[in-house]
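Asks: Pasting a structure here, questions to come.
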Amino acid sequence: MVIKMNTKLTARQQLLLDIYRIIAAFFVIAGHSFSYYQISILKNQDIFPYIQNIGVIMFFLLSGFLTTYSLKRKNESNDYSFYLYTRHKTLRIIKEYFPGLVFIAIIDFVSININNNYSYFNAYNYKQFLGNLFMLQGTFVNHISGLEFIPFGSGRPLWTLAIEWWFYLIYGFLFLTISNNKPLSLRGGLISSLLFIMPIDYFISVRGNGL
């Protein structure tokens with residue numbers, strides 16, 4: 001049975017989501033600024049959670065809603081494939097992610113030439129740039145290849161993008177597999193195993209520190 005989803009977000013709903021996104025971004029920026037400048041306000045988790053963590057959770061909620069909404073609309077006829085989902089996600093993210101990596105490369109290049117205290121030489125090379133481009137930083141690939149992909153240059157927060165990217169793919173794969181009622185083929189089993197290895201490795205690694 002095919003269930004049509006005719007609901008479309010209104011301009012007011014889209015505005016509300018944009019406001020929600022701005023508030024979440026403000027929480028993340030403010031929280032990290034408190035830490036960077038050693039401002040003690042709202043840093044005691046016994047009294048109040050880290051404000052940046054609240055912002056991240058808000059982003060996860062928003063991302064989960066919008067991803068599900070998009071999947072349901074695109075899969076109305078149960079013919080939307082995981083290949084198309086991955087392609088759309090890649091094209092949507094890469095147009096901002098790739099310029100971001102280039103921007104880090106330029107900023108770090110300038111820093112190296114004007115600052116003798118640059119601390120990220122081991123992360124500033126073509127290998128790390130390509131590893132980050134393919135979202136391999138901090139993943140299980142490090143364990144099986146010995147390549148040690150780490151966040152590129154001074155872009156220390158890039159470690160989180162990789163784990164979020166693989167969660168995106170896992171969710172899309174599970175959603176489409178269940179929604180389309182298709183038996184899991186050998187190829188699908190291999191894909192799902194690869195997708196699940198990434199976050200599982202993160203959870204049990206030193207960086208993830210478990211659940």
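The values are calculated or read from the model by the stated rules, or taken from the named source; none is laboratory data. All values reported here derive from a predicted model rather than from experimental measurement. Reconstructed Cβ throughout: ideal geometry from the backbone, glycine too, with neighbour counts over all protein chains shown. Protein only, heavy atoms only, side chains kept; ligands, DNA and RNA dropped before computing areas. Shrake-Rupley method; radii C 1.70, N 1.55, O 1.52, S 1.80 Å.
Asks: Looking for something modelled with pLDDT under 80 and either part of a helix (DSSP H, G or I) or surrounded by 15 or more Cβ atoms within 10 Å (Cβ to Cβ) (or both) - is there at least one such residue anywhere in region 145-152?
Replies: Yes, region 145-152 contains a residue that is modelled with pLDDT under 80 and either part of a helix (DSSP H, G or I) or surrounded by 15 or more Cβ atoms within 10 Å (Cβ to Cβ) (or both).
Asks: Give the residue that is nearest to the chain's Cα centre (by Cα), with candidates limited to residues of region 117-144 that are open to solvent by less than 20 Å² (accessible area, probe 1.4 Å) and among the aliphatic types (A, V, I, L, M).
Replies: Per the criteria, the residue is Met135.
Asks: Consider only pairs whose beta carbons are under 9 Å apart and that are at least six residues apart or on different chains; among these, list those whose first residue lies in region 66-83 and is over 27 Å from Leu16 (Cβ atoms) and touching a residue at least 24 places away in the same chain (Cβ under 8 Å) and whose second residue is among the hydrophobic types (A, V, I, L, M, F, W, C) and not in a helix (DSSP H, G or I).
Replies: Pairs found: Ser77/Val2; Asn78/Val2.
Asks: Just checking, how many residues over region 105-144 are closer than 30 Å to Ser193 by Cβ and either part of a loop (DSSP other than H, G, I, E, B) or among the small types (Gly, Ala, Ser) (or both)?
Replies: 9
Asks: Being in a helix (DSSP H, G or I), open to solvent by 30 Å² or more (accessible area, probe 1.4 Å), in contact with a helix residue (DSSP H, G or I) (Cβ under 8 Å, 6 or more places away or on another chain) and modelled with pLDDT under 90 narrows it down to one of Leu161, Leu190, Leu194, Leu211, so name that one.
Replies: Numbers: Leu190 fails: in contact with a helix residue (DSSP H, G or I) (Cβ under 8 Å, 6 or more places away or on another chain); Leu194 fails: in contact with a helix residue (DSSP H, G or I) (Cβ under 8 Å, 6 or more places away or on another chain); Leu211 fails: in a helix (DSSP H, G or I).
Among Leu161, Leu190, Leu194, Leu211, only Leu161 is in a helix (DSSP H, G or I), open to solvent by 30 Å² or more (accessible area, probe 1.4 Å), in contact with a helix residue (DSSP H, G or I) (Cβ under 8 Å, 6 or more places away or on another chain) and modelled with pLDDT under 90.
Asks: Out of everything in region 21-58 that is open to solvent by 70 Å² or more (accessible area, probe 1.4 Å) and hydroxyl-bearing (Ser, Thr, Tyr), what residue ends up being modelled with the lowest pLDDT?
Replies: For region 21-58, the residue satisfying everything is Ser40.
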